[in-house]
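Just below is one structure, and these are the notes that go with it.
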Amino acid sequence: MSLLSGKKILLGITGGIAAYITPLLVRALVQQAAEVRVVMTPASKDFVTPLTLSTLSKNPVLSTFTAEDQDNPLWNDHVELGQWADLLLIAPATANTLSSLVQGRCNNLLLAVYLSAKCPVIVAPAMDLDMYAHPSTSNNIKTLQSYGNQVLDVDEGFLASGLEGKGRMLEVEEIVAHVVSFFNPKLPLKNQKVLITAGPTYEAIDPVRFIGNHASGKMGFALAEVAIGMGAAVTLISGPSAEKYSHPSLHQVNVVSADDMLAAVQEFYDTSDIAIAAAAVADFKPQKIASQKLKKEEGFESISLVPTVDVLSYMGKHKNNQKLIGFALETENELENAQAKLKRKNLDGIVLNSLQDAAAGFSVPTNKITFIHADLRTHSYPLQSKLDCAHRIFEQILTL
Ligand code: CTP
């Protein structure tokens, strides 16, 4: 079930450049099964069109107190809008709107909705850095918070003015994460960052050939889906895979080789809380990658191989506070080998994949797993879907 299923969200858009991102915000909320209606200030229509927003939200978009219907103007009922919503989300909120909200001004439909709404309000400010740093704005934010509104932080970075600093509206994924945790305050992985490696790696022989394996990425993608369902923000570093899953809380990094995977892991590992290595990283790579396609007639009976980098061992060596989980694919002495791997790679848990069952392991949608803890306690599970396996794995991780 989606985390925003059936939630009624009224999105208020005001006239700042960040308004151009709001179609993505609407799409992300709708993807999570929220019902979205949009109220725009007249100024925001210079940055994003009502047609885009009504198409994505599948609801009419309102921006004025009345709507023309031939000779009979209709009243756009701000009271009804405020009563309909479970949450009023104002994003982006300009400095001008923050000030108007504080003063209780009512000269556009969105401000009237805010004043009459009884539901909680989340505000995502966006403006240039000096406007954001101005004491008037800081005071307005404090006052709005003192009225019980949740005011989100802003991001730092490039601003439309060409300057760089604090003032950018939070990324869509972050805003959605706030909305999700607002509606689901008890999610077990709320505010947790989860890093997952998935899929195979391809080690190039020449521009057209590679050494690879049959891993599909299914297990890693299933883990990502379950972690997101529990409220986590997930970075999924995937080798070549046909699997598809998109979600506002998912950041997917596509890689090809073991070296690429390590580089991506190095970028995201430090800030993660939980890391799971589900990738089937190739163990060897050609010593040299031929710059041109190797020709048959020249013959190449053998390829010199060298070991690839062990991505999981890197994570084990550089652990700060992460809970680190690996996988082990064994064909003999399964438990002993998996336990040895757990110790060798400095893990908190390892998932043993059995290849004893034809329906378990590579490429198939099902798996048969045993979760082994660092104290060598084991939990074995029957054959089940990879999504169910992912649930079992997180049940164990939550006990760590
Ligand atoms: N792993 C990794 N980088 C590698 C090899 C493995 O990150 N170069 C990770 C896998 O993602 C998995 C764990 O290490 O979580 C164990 O992988 P596995 O292939 O079972 O073991 P290996 O370490 O490769 O050892 P062996 O092939 O000897 O069993």
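The values are calculated or read from the model by the stated rules, or taken from the named source; none is laboratory data. Please read these numbers as outputs of a predicted model, since none were measured by experiment. Neighbour counts run over all protein chains shown; Cβ positions are idealised from the backbone, glycine included. Remember, those area values only see protein heavy atoms, side chains included, never the ligands or the DNA or RNA. Shrake-Rupley method; radii C 1.70, N 1.55, O 1.52, S 1.80 Å.
For region 8-183, the relative contact order is 22 percent, taking Cα pairs closer than 8 Å that sit 6 or more residues apart in sequence and dividing their mean separation by the residue count. Less than 5 angstrom separates the built amide H of GLY12 from those of VAL39, LEU89, ILE90, ALA91, all sequence-distant by 5 or more or on a different chain. Computed from phi, the 3J(HN,Hα) profile of region 171-184 under the Karplus parametrisation 6.51, -1.76, 1.60 (θ = phi - 60°) reads 4, 3, 4, 6, 4, 4, 4, 5, 5, 4, 6, 4, 7, 10 Hz, with x in place of Gly and Pro. In a reduced charge model with +1 at each Lys and Arg Cβ and -1 at each Asp and Glu Cβ, the chain shows a dipole moment near 500 debye about its Cα centre. Distant-in-sequence amide contacts of PHE210, defined by a placed amide H-H separation under 5 Å and a gap of 5 or more residues or a different chain, comprise ILE205. Average accessible surface for region 335-400: 47 Å² per residue, computed with a 1.4 Å probe over protein heavy atoms with every protein chain in place. Size estimate for region 339-400 follows the Kirkwood approach: the inverse of mean 1/r over distinct Cα pairs works out to 11.9 Å. Taken per residue, the accessible surface of region 8-183 reaches 46 Å², heavy atoms only and a 1.4 Å probe. Expressed as a whole percent, the accessible surface of region 357-400 that belongs to carbon and sulfur atoms is 59, based on a 1.4 Å probe. Cross-link partners for LYS166 among the lysines, with Cα-Cα distance under 29 Å and sequence neighbours closer than 8 places in the same chain left out: LYS45, LYS142, LYS190, LYS193. Among residues other than SER116 whose Cβ falls under 14 Å from its Cβ, what is the net charge (Lys/Arg +1, Asp/Glu -1)? Taking every other residue near SER116 into account, the sum is 0. Dividing the convex hull volume of the alpha carbon atoms of region 8-183 by its residue count gives 105 Å³ per residue.
Volume per residue for the chain equals 191 cubic angstrom (convex hull of Cα atoms). Counting only alpha carbon atoms, the long axis of helix 22-31 and the longest principal axis of the chain meet at about 60°.
Using a 1.4 angstrom probe on heavy atoms only, work out the carbon and sulfur share of the accessible area of region 161-257 in %. C and S atoms contribute 52 percent here.
Couplings 3J(HN,Hα) for region 334-340, derived from phi with the Karplus relation 6.51 cos²θ - 1.76 cosθ + 1.60 (θ = phi - 60°), are 3, 4, 4, 5, 5, 5, 5 Hz, where x marks Gly and Pro. Exceedance of the 21 Å cut-off in Cα-Cα distance is limited, within the set LYS319/LYS343; LYS319/LYS345; LYS7/LYS323, to LYS7/LYS323. Check which residues have an amide H placed less than 5 Å from VAL151's amide H, if you skip close sequence neighbours. The list, which skips near neighbours in sequence, is VAL123. For the options VAL113, VAL102, VAL265, a Gaussian network treatment of the chain with springs between C-alpha atoms closer than 10 Å singles out VAL102 as fluctuating the most. Share of carbon and sulfur in the accessible area of region 23-116 stands at 52%, probe radius 1.4 Å. Each residue of region 36-53 is assigned a 3J(HN,Hα), and the resulting list reads 10, 10, 10, 10, 10, 7, x, 5, 5, 5, 6, 10, 8, 8, x, 5, 4, 6 Hz, derived from the Karplus form 6.51 cos²θ - 1.76 cosθ + 1.60 (θ = phi - 60°), x at Gly and Pro. Between PRO135, PRO125, PRO188, the Gaussian network model of the chain with springs among Cα atoms under 10 angstrom shows the greatest mean-square fluctuation at PRO135.
Each other residue within a Cβ distance under 13 Å of VAL255 adds +1 if Lys or Arg and -1 if Asp or Glu, for a net charge of -4. Computed from Cα atoms alone, the Kirkwood hydrodynamic radius reported for region 284-400 is 16.4 Å. Mean-square fluctuation check for the chain, GNM, Cα pairs under 10 Å: which of ASP357, ASP348, ASP388 is largest? Sorting by GNM fluctuation, first place goes to ASP357. For region 164-231, the convex hull drawn through the C-alpha positions has a volume of 149 cubic angstrom per residue. Scaling the Cα radius of gyration of region 115-207 by the globular reference 2.2 N^0.38 Å produces a ratio of 1.56.
Relative contact order, whole percent, for the chain stands at 11, derived from Cα pairs under 8 Å and 6 or more residues apart. Bridging of LYS8 to aspartates and glutamates at a Cα separation below 14 Å is possible for GLU35, GLU80, ASP86, once same-chain residues fewer than 8 apart are set aside.
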